[in-house]
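Enquirer: Next up is a structure, given as C-alpha cells.
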Amino acid sequence: MIRQPEPKPEVLSRRDEIVAALRALVPPHPLSGESVIADPLRLKPYETDGLSAYRQPPLAVVLPSTTDEVASVLRFCHANGVRVVPRGAGTSLSGGALPMADSVVIGLMRMNRILEVDFDNRLAVVEAGVTNIGITRAVEERGFFYAPDPSSQLACMIGGNVMMNSGGAHCLKYGVTANNLLGLTFVTIEGEVLRLGGAHLDAAGYDWLGLVTGSEGQLGVVTEVTVRILRGPEGARAMLAAFGSVEAAGRAVDAIIGSGIIPVALEFMDRPCIHACEAFAHAGYPLDAEAMLIIEVEGSVAEQDELLARIRDICAPLNPTSMKIAESAEQSAAIWKGRKGAFGAIGRISPDYLCMDGTIPTSELPGVLTRIGEMSRRYGLAVANVFHAGDGNLHPLIMFDANDPDSLRRAEAFGAEILKLCVEVGGCLTGEHGVGVEKRDLMGVQFTARELDQQRAIKSAFDPGWLLNPSKVFPLAQAAG
Amino acid sequence: MSAPLAPAEEAGVAAAVAEAFAANAPLAVEGAGTKRAMLRPVQAARTLSTRALAGITLYRPKELVIAARAGTPLAEVEAALAAEGQMLIAEPPSAAPWGGGAATLGGVVAANLSGPRRISGGAMRDHVLGIRFVNGRGEVLRSGGRVLKNVTGLDLCKLLAGSHGTLGVLTEITLKVLPRPETAATLVIRVADAAAGVRALSAGLGSPFGVSGAAVLPDAAEGPLALLRIEDFASFVAYRIGRLRDLLLPFGESRIADAAETDALWAAIRDGAPLAAGPEEALWRASVKPTDGPRVLAALREAGLRGYLDWGGGLVWIAGPATAAAHAAVTAAASPGSFTLLRAPDALRAAVPVIPEEPPPLAALSRRVKAALDPKGILNPGRMRAGL
Ligand SMILES: Cc1cc2nc3c(=O)[nH]c(=O)nc-3n(C[C@H](O)[C@H](O)[C@H](O)COP(=O)(O)OP(=O)(O)OC[C@H]3O[C@@H](n4cnc5c(N)ncnc54)[C@H](O)[C@@H]3O)c2cc1C
C-alpha cells in the first residue's frame with residue numbers, strides 16, 4: 001500500500017462532530033437526498049479512483065450542489081485543520097483522488113449543470129461536475145464541440161480535466177485542456193470564491209488559469225468552468241498504416257510531420273497492443289505487423305482524399321506491410337474501434353494492468369521501445385504500448401496480477417524504470433495522467449530539490465496549511481510544510 | 001543609472017540576481033529593452049539585460065520543437081523557423097508599437113504577446129513547453145521540458161509567461177512550433193459598421209473552414225471592413241475562401257486578397273499599424289468578450305479615442321491622448337474584460353493601474369505568489385502593479 005501522511009488524531013477523534021457540522025452546512029438535496037456520507041459501506045465507492053491498486057476510505061464525503069456550499073465546506077475544513085480531497089468522477093489513473101483516512105472528500109458530481117452556451121462567442125459555461133462528453137453534447141446541434149477528448153470522456157468531469165490538464169487523441173491539433181479554457185470559478189481553502197479569466201482571451205496579470213490548470217486539486221476547488229468551443233471540420237477520416245518494424249513506423253511519423261501535414265490524430269500501437277485490440281474489437285487490424293499507425297485527417301471530402309493520398313505516398317517508400325484508407329465514416333469508426341478499446345482489451349487478457357504515461361521526444365521511440373522490451377523480459381511481465389505518436393506521449397500498459405503482491409511490486413518497479421527512462425531521453429514522467437500518488441516519489445528524477453521547493457512554495461502560497469490534497473505530487477517526506 | 005548588466009551566460013544572470021538579493025537592491029529586468037515604455041516604469045538602480053544570452057540551443061523540426069536562449073532576437077528565431085518551412089504559432093507582434101528594435105524571444109514570452117493567430121492557434125504562453133529561469137533568490141530553475149505533452153508538477157511556464165520579469169528572469173525558452181501553411185488568403189468584406197463586422201466574424205469563426213485571423217477595421221479608407229484569413233495548402237485555401245465568401249454574402253460586398261496582400265494586411269493588424277498612432281499618443285490593448293468589441297469601440301469613440309478589433313472582436317487595439325481621462329475611459333470600457341496600457345509617457349504609466357486591479361483575495365494571492373518566487377521583491381518591482 002502506498003504511504004500516506006499520518007492521519008491527524010485530533011481530526012479522527014472528532015469524526016462525529018465534523019460529520020454533524022458538514023450536515024449543517026450542506027443540507028440534503030431535494031432530489032438526490034443526503035449530501036454527507038459517513039456510513040462505511042456507502043464510503044466504499046470513494047475509497048479509490050482509476051488507480052484501483054490503492055484504496056483508503058475517507059473520514060466522510062460531502063456532495064455540495066452550489067459554489068456557496070463548496071465555499072462553506074472549505075471554510076469549515078480550513079478553520080478546523082481538516083484535510084480535503086476534491087473529487088470529480090474518480091477516473092484519475094495516478095491516484096489523484098485517493099482519499100486519506102482523516103480527509104473529507106468533496107465530490108463535485110452534483111454540480112452538473114450547463115449554465116450557458118454562447119455560439120457567437122464560442123464558449124460554454126458549465127459546472128465542474130459536467131462530464132467531458134456532456135459539453136460536446138450540449139453544443140453539437142450547431143456543429144460545435146469541446147476539443148480535448150480523453151478516452152475516459154464519457155465519465156470524467158471537466159473539473160477533473162482542468163485539475164489534471166487532460167489531453168486526448170486529438171490534442172496534436174487542438175491542444176490540451178489548458179489551451180481550451182477561458183475562465184474558472186475557483187474556491188480557495190479559506191473559502192474565498194475567485195473568478196479567474198472570463199469570457200475573454202488572455203487576461204493581463206499573473207496567469208492564474210495557466211497555473212491552476214494541472215495543479216491536481218492542490219491549489220483550490222473548481223466549481224465552474226468557461227471553456228472554448230470550436231466549430232467542427234466538414235468531416236474527418238482515418239487511415240491505417242502497418243509496418244514490419246517500430247523504426248519504420250517512427251520514420252513514417254517523422255516524414256508526415258516533416259511534410260507539413262499535421263494530422264488531427266496520429267496514434268501508434270505495437271504488436272502486443274494490436275493483437276489484444278484485434279481480439280477484443282475485431283477491427284481488422286493486421287496481425288503480421290510489428291507496429292501500426294492510425295492517422296486521422298480533417299476537412300472536406302476532397303481535402304481528406306488529398307491528405308490521405310499524400311500520407312499514403314509518404315509511407316509507401318517505408319515498405320508498409322499494409323495500408324488501409326477508410327472510404328467512409330463507418331470504416332473510419334472501425335479503424336478507431338480497436339484503439340478506443342485498447343485499455344479494455346488489455347483488461348481482458350490480464351487481470352490487472354498499470355497504465356504508464358511518460359512523454360519522450362518522438363525520435364527516441366524505437367530505442368525506448370527496445371529497452372521497454374528488455375525490461376519486460378527482466379521483470380517477467382508482459383507489456384503493450386500505445387503512443388500518441390505526434391506528441392510523444394507513451395502509454396505502456398504493464399500487465400500483472402493484483403492478487404499476487406510480488407506481481408504488483410514488480411509491476412510498480414517496471415513502471416518506475418520506464419518513467420526514469422523517459423526522463424533520461426529528454427522527456428517527462430507524465431504527459432497527461434498527472435503525478436498523483438503514483439509518481440510523486442519519482443519527482444526527484446525529473447526535478448532538482450530546489451525546483452521542487454519552488455513548486456512547494458507556490459502551493460503554500462495558496463494553501464499554507466497543506467490541507468488540499470496534500471499527499472499528492474510531492475515526495476511524501478517533504479510534502480507538508 | 002550605471003550600465004546595464006548583460007551576462008553572456010546563465011550563471012552570470014544567477015550571480016547578478018543573487019548579489020542583488022544579498023544587497024536588497026532591485027533590478028530592472030529586460031531583454032533588448034524595446035518594451036520599456038510598456039506597463040509601469042521600474043524604479044531600480046541597476047538593469048539586468050538578457051540580450052547577451054543569445055542563440056538557438058535546439059531545433060528539431062520533425063518534433064515541432066525549438067529552444068533558444070532568452071536574449072535571442074525574435075527575428076533570428078523566426079528566420080531559423082522559416083528556413084525549415086515552420087513558424088511561431090502565436091504570430092507575436094514586432095516591436096513596432098514601441099518604435100521598433102530587435103525584440104528578444106524572452107521579452108515576447110515574458111509579455112505573453114500574441115498576434116492574430118491567437119484566435120485559432122493559441123497564445124504565446126500556450127506554446128511554451130519549457131523554461132529555464134532565475135528566481136528572485138538567484139536560483140536557476142526549470143519548468144516543463146522539451147516535449148509537447150507534459151503535466152509533471154506545477155506549470156510555471158505559463159505563470160512566468162506574461163509576468164513581465166517580475167517572478168523570474170527567463171534564460172532559455174523551449175517552444176512548440178508548426179509548419180508554415182503553404183499559402184493564405186483573406187476575405188475582405190465591406191460591412192455596415194463594427195457590429196455587423198463582428199457578426200460576420202462570428203459567422204466565419206463558426207464555420208468549418210478554419211479561419212485563422214478575424215479582424216474589423218472600422219476606419220479603413222473604403223469604410224468599415226471585416227477581414228477573415230484562411231491559411232492552408234493552396235488547393236484547400238482556394239476552396240475554403242470561396243465557401244466562406246458564399247456564406248458571408250449577406251454581410252456585404254467582398255473581395256479576396258491574395259497571399260502577398262494577406263501577409264501585409266495581417267502584419268499591420270498584428271502590430272497596431274491601422275491606428276497610425278502619433279509618437280505622443282498612448283496605446284492600449286483590451287481583451288473582451290468578442291461580441292462586446294463594438295460596444296467598447298463606441299464607448300472609446302465617445303471619449304475621443306480610436307481603435308480596431310482583432311481576435312474575432314475580442315482584442316481591441318486603442319490609441320488616443322496619453323491622459324488620465326483617456327485611460328479611465330479605456331478602463332471603464334474594457335470591464336469586465338481585461339486591458340493593458342501598452343505605451344505611454346512615464347508620468348501617466350506611474351499614475352494609473354496599467355492592468356486591471358484584482359479583487360482583494362486575488363491581490364493577496366498575487367502578493368504571496370510573488371513572494372514565493374521573489375521574496376525580497378527585487379525583480380522589476382512595480383512593473384505590473386504599484387507595490388508588487
Ligand atoms: C479508461 C481511462 C482512460 C483515460 N484516458 C485518458 C486520456 O485519454 N487522456 C487523459 O488525459 N486522461 C485519461 N484518463 C485519466 C482521467 O480520466 C483524467 O485524469 C480525468 O481528467 C480525471 O477526471 P475525473 O473527473 O475523473 O477526476 P478525478 O479522478 O475525480 O480527480 C482527478 C484529480 O483532480 C482533482 N479534482 C477533481 N475535480 C476537482 C475540482 N472540481 N476541483 C479541484 N480538484 C479537482 C482530484 O483531487 C484529483 O487530484 C483516463 C482514465 C481512464 C480510467
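Enquirer: State the Cα centre-to-centre distance between region B:267-337 and region B:107-167 in whole Å.
Expert: 26 Å
Enquirer: Related question: Using the Cα centre of the protein assembly as shown as origin and beta-carbon charges of +1 (Lys, Arg) and -1 (Asp, Glu), tell me which of A:L181, A:M292, B:A83 is placed farthest towards the positive end of the dipole.
Expert: In the protein assembly as shown, that residue is A:L181.
Enquirer: On to the next question. Can you give the direction-averaged projected area of the convex hull of the alpha-carbon atoms in region A:350-424, in nm²?
Expert: Projected over every direction and averaged, the Cα hull of region A:350-424 covers 4.4 nm².
Enquirer: If you line up the long axis of helix B:10-23 against the longest principal axis of chain B, both from Cα atoms, how many degrees apart are they, to the nearest 10?
Expert: On a 0 to 90 degree scale, this one is about 60.
Enquirer: In region A:247-301, what percent of the accessible surface is made up of carbon and sulfur (1.4 Å probe, ligands and nucleic acids excluded)?
Expert: 55 percent
Enquirer: Identify which of B:R125, B:R368, B:R180 has the largest mean-square fluctuation in a Gaussian network model of chain B, with springs joining Cα atoms closer than 10 Å.
Expert: Highest fluctuation of the listed residues: B:R368.
Enquirer: Under the rule of at least 5 residues apart or a separate chain, name every residue whose amide H is placed under 5 Å from the amide H of B:A282.
Expert: The answer is B:G320, B:A322.
Enquirer: For n ≥ 4 DSSP H runs only, could you compute -39500 (n - 2.57) per run for chain B, divide by its residues and tell me the 222 nm figure to the nearest 500?
Expert: The helix contribution divided over chain B gives -9000 deg cm²/dmol.
Enquirer: Please arrange A:R456, A:R312, B:R306 by accessible surface area, largest first, computed with a 1.4 Å probe and ligands excluded.
Expert: Output order, biggest surface exposure first: A:R312, B:R306, A:R456.
Enquirer: Can you list the residues of region B:81-104 with backbone N under 20 Å from a point 7 Å past the Cα of B:R180, pointing along Cα to Cβ?
Expert: B:81-96, B:102-104
Enquirer: As a test question: what accessible area, to the nearest 10 Å², does A:V425 have when a 1.4 Å probe is rolled over all protein chains in place?
Expert: Solvent-accessible area, nearest 10 Å²: 30 Å².
Enquirer: B:E280: accessible area at probe 1.4 Å, nearest 10 Å²?
Expert: 120 Å²
Enquirer: Something else about it: Please compute the average number of Cβ atoms from other chains found within 10 Å of each residue's Cβ in peptide B:364-370.
Expert: Mean partner-chain Cβ count within 10 Å for B:364-370: 5.
Enquirer: Heavy atoms only, probe 1.4 angstrom, no DNA, RNA or ligands counted: give me A:Y146, B:Y239 ranked by accessible area, highest first.
Expert: Ranking A:Y146, B:Y239 by accessible area, largest first, yields B:Y239, A:Y146.
Enquirer: Now for a separate question. FRET efficiency for B:E357 and A:I114, Cβ-Cβ distance as r, R0 = 22 Å, nearest 0.05?
Expert: 0.10
Enquirer: Treating the protein assembly as shown as a set of equal point scatterers at the Cα positions, no solvent, please give the Debye-formula log₁₀ I(q)/I(0) at q = 0.07, 0.09, 0.11 Å⁻¹.
Expert: For the protein assembly as shown, the Cα-only Debye profile gives -0.53, -0.90, -1.38.
Enquirer: Another question, if that's okay. Quick one: if you stick a label point 7 Å off each Cα along the C-beta vector at B:A350 and A:E417, how many nm between them?
Expert: 6.5 nm
Enquirer: Over all distinct Cα pairs, what is the inverse of the mean 1/r for chain A, reported as the Kirkwood hydrodynamic radius in Å?
Expert: About 23.3 Å, per the Kirkwood formula over Cα pairs.
Enquirer: Can you give the mean number of other chain Cβ atoms that lie within 10 Å of the Cβ atoms in peptide A:450-461?
Expert: 6
Enquirer: Still on this model: Quick query: amide H of A:E116 versus all other amide H atoms, modeled in the peptide plane; which residues come in under 5 Å with a sequence gap of 5 or more or a different chain?
Expert: A:V125
Enquirer: Just the Cα atoms of region A:405-481: what Rg and Dmax do they give in Å?
Expert: 13.5, 41
Enquirer: So what are the ³J(HN,Hα) numbers for region A:324-337, from phi and the Karplus equation (6.51, -1.76, 1.60; θ = phi - 60°), rounded to whole Hz, Gly and Pro as x?
Expert: Running phi through 6.51 cos²θ - 1.76 cosθ + 1.60 with θ = phi - 60° gives 9, 9, 4, 9, 8, 4, 5, 5, 4, 4, 5, 5, 6, 4 Hz.
Enquirer: If R₀ is 25 angstrom, what is the calculated FRET efficiency for the pair A:E327 and A:T370, using the beta carbon separation as r and rounding to 0.05?
Expert: Efficiency computed from Cβ-Cβ geometry: 0.10.
Enquirer: Which is farthest toward the positive dipole end of region B:273-351 among B:L341, B:G278, B:V288, measuring Cα position about the Cα centre, with Cβ charges +1 (Lys, Arg) and -1 (Asp, Glu)?
Expert: Of the candidates, B:V288 comes out farthest on the positive side.
Enquirer: If you line up the Cα atoms of region B:223-323 on their principal axes, what length do they span on each, largest first, in Å?
Expert: 50, 27, 23
Enquirer: Moving on to the next point. How big is D, in µm² s⁻¹, for region B:183-270 by Stokes-Einstein at 37 °C and 0.692 mPa s if Rh is the Kirkwood radius over C-alpha pairs?
Expert: It comes out at roughly 262 µm²/s.
Enquirer: Tell me, what HN-Hα J-couplings in whole Hz come from the Karplus equation 6.51 cos²θ - 1.76 cosθ + 1.60 at θ = phi - 60° for each residue of region A:442-449, using x for Gly and Pro?
Expert: Here the 3J(HN,Hα) series is 9, 4, x, 6, 9, 10, 6, 4 Hz.
Enquirer: Label points 7 Å out from Cα along the Cβ direction at B:E222 and A:D313: separation in nm?
Expert: Here the answer is 3.6 nm between the modelled labels.
Enquirer: Which aspartates and glutamates, if any, have their Cα less than 15 Å from the Cα of B:K35, not counting same-chain residues under 8 positions apart?
Expert: Candidates past the 8-residue exclusion: B:D271, B:D346.
Enquirer: Here's another thing I want to ask about it. For a quick protection proxy, order the peptides A:138-144, A:395-401, A:343-349, A:25-31 by their average other-Cβ count within 10 Å, most packed first.
Expert: Ranking the peptides A:138-144, A:395-401, A:343-349, A:25-31 by packing returns A:395-401, A:343-349, A:138-144, A:25-31.
Enquirer: Quick one: order B:K158, A:K173 from most to least accessible surface, probe 1.4 Å.
Expert: From most exposed to least exposed: A:K173, B:K158.
Enquirer: Follow-up question, since we're still on this one. Would you tell me the mean number of C-beta atoms belonging to other protein chains that fall within 10 Å of each C-beta in B:202-209, as a whole number?
Expert: Mean shielding count: 5.
Enquirer: Cross-link partners among lysines for B:K62, C-alpha distance below 18 Å, same-chain residues fewer than 8 apart left out?
Expert: A:K173, B:K149, B:K176
Enquirer: Using the Karplus equation 6.51 cos²θ - 1.76 cosθ + 1.60 (θ = phi - 60°), what ³J(HN,Hα) coupling, rounded to whole Hz, does each residue of region A:19-35 give in order, writing x for Gly and Pro?
Expert: Karplus-based 3J(HN,Hα) across region A:19-35 equals 4, 4, 5, 5, 4, 6, 6, 10, x, x, 7, x, 9, 7, x, 3, 10 Hz.
Enquirer: List the residues, sorted by chain then number, that are 5 or more residues from B:T171 or on another chain and whose placed amide H is less than 5 Å from its amide H.
Expert: B:R132, B:F133, B:V134
Enquirer: Rounded to the nearest 20 debye, what is the charge dipole size of region B:273-351 about its Cα centre when +1 sits on each Lys and Arg Cβ and -1 on each Asp and Glu Cβ?
Expert: That gives region B:273-351 a dipole magnitude of about 140 debye.
Enquirer: Here's something else I'd like to know. Quote the FRET efficiency, to the nearest 0.05, computed for A:E34 versus A:R195 with a Förster distance R0 of 41 Å and r equal to the Cβ-Cβ distance.
Expert: About 0.85, to the nearest 0.05.
Enquirer: Decide, for region A:236-343, between rounded, prolate and oblate: order the square roots of the alpha carbon gyration tensor eigenvalues as a ≥ b ≥ c, take rounded if a/c falls under 1.5, and otherwise choose prolate if a/b is larger than b/c, else oblate.
Expert: The shape class here is oblate.
Enquirer: Then there's this: In region B:154-197, which residues have a backbone nitrogen under 18 Å from the label point lying 7 Å from A:A457's Cα in the Cα-to-Cβ direction?
Expert: B:154-161, B:163-171
The values are calculated or read from the model by the stated rules, or taken from the named source; none is laboratory data. The model shown is predicted, which means the values in this text are computed figures rather than measured ones. Virtual Cβ from ideal backbone geometry, glycine too; neighbours counted across all protein chains shown. All accessible areas refer to the heavy atoms of the entire protein, side chains included, with ligands and DNA or RNA removed. Shrake-Rupley method; radii C 1.70, N 1.55, O 1.52, S 1.80 Å.
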